[in-house]
1. Computed FRET efficiency, Cβ-Cβ of Lys104 and Lys293, R0 22 Å: what is it to the nearest 0.05?
2. Give me the distance in nm between label points sitting 7 Å out from Cα along the Cα-to-Cβ direction at His42 and Val66, one decimal.
3. Which pairs in the list Lys95/Lys231; Lys231/Lys293; Lys232/Lys293; Lys168/Lys231; Lys40/Lys65 are over 28 Å apart, alpha-carbon to alpha-carbon?
4. For the pair Ser270 and Ser183, how long in nm is the line joining their label points, each one 7 Å along Cα→Cβ?
5. Normalised by the empirical 2.2 N^0.38 Å for globular proteins, what value does the Cα Rg of the range 34-77 take?
6. When Val188, Val159, Val227 are ordered from fewest to most other Cβ atoms inside 10 Å of their Cβ, what list results?
7. Which order, highest average first, do 42-52, 166-176, 229-239 follow once you tally other Cβ atoms within 10 Å for each residue and take the mean per peptide?
8. What is the order of Ser285, Ser271, Ser190, fewest Cβ neighbours within 10 Å to most?
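What follows is calculated from the coordinates using simple rules that are stated; it is not laboratory data. Quantities reported herein were computed from a predicted structural model and do not represent experimental measurements. Quick reminder, even Gly has a Cβ in these numbers, built from the backbone with ideal geometry, and neighbours come from all protein chains shown.
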Amino acid sequence: MGNLNHVGLFCCLLFVEVGVCLSLGDENVSDSFLQVLMRKFHEQDEKISAIEANTKLDHKELVGKVLRLEEMLKYSDYKQKTLEKTIENMDKIIKELEIRTQTKNLNDEHSHGKHEQENSISEPVAYAFHKTDVSGDQSAIAKSKQKRILNGGVYPTHVVAFYAYLGKAEGSLGLHHTLIFDSVITNVGSSYNRHDGVFTVPVSGVYVFNWNIYSSFNGNIVTELMVNSDKKGGTRSDSHTVREDHSSSGCVVVEISQRDIVFIRTHPTSSSTGFILSDLTSYMSSFSGWLLK
């Protein structure tokens, strides 16, 4: 605005001078002033063009700074979300550690109760109810001893669950061959052994077991779920007559006792052919179970 005001004032002064010269009748002088006036107009046009060019550059630089700020803001939001995800994962790990600690404490209490029970095995069971009318403390002790004898020191709220899969394909399967699901995702209660594929029941109750087997091209895999030496369920994954992968799933709900063992094996008399397929890129042959009640 300041430059435009100066231009206007300059033009007014020139017009006044030109007018004076014209009134005096000096044509040469008037021509000279017109030339000066045109040169000044040209100079002012150049200055205005330079100002406009600088303004455009300033605007372009300002837009660039705004875009960079927006990118920085997006990156800051990404880092915040990543941090929140990390905190969420840490919370899950802490909760799992707490569950494992509680499970270990329960197992320790169970071992201690079992030791006490073995030391006092010669005592009559009725002793737990003897002298219950002597004092309130002795009554509480009797009830506690009765609970240890009847329940074996195991609490009904015990949490048990596991899920594991085969880390790679497995072939050359013989008869009654135990499948070892060596990649463990969940093992609450630490009762599944990834080295031998056996789940050892930590507490008596009703359990649900599920297993899923994928057979390779022209494969024929027959498996069964075993509790100790008893078969509780079986499946057949048959792609023997076709060139494609097949899968089979089995689910068993069974009431079992503490220290029973549960595992998946191939059939004892029906020979398996082909491979059991399992990998992270396509599908996984797996074994899982949990305490229902």
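1. 0.45
2. Distance between the two pseudo-spin positions: 3.9 nm.
3. Violating the 28 Å limit, Cα to Cα: Lys95/Lys231; Lys40/Lys65.
4. Distance between the two pseudo-spin positions: 2.7 nm.
5. 2.06
6. Working: Val188 18, Val159 14, Val227 21.
Ascending number of Cβ neighbours within 10 Å: Val159, Val188, Val227.
7. 229-239, 166-176, 42-52
8. Ser271, Ser190, Ser285
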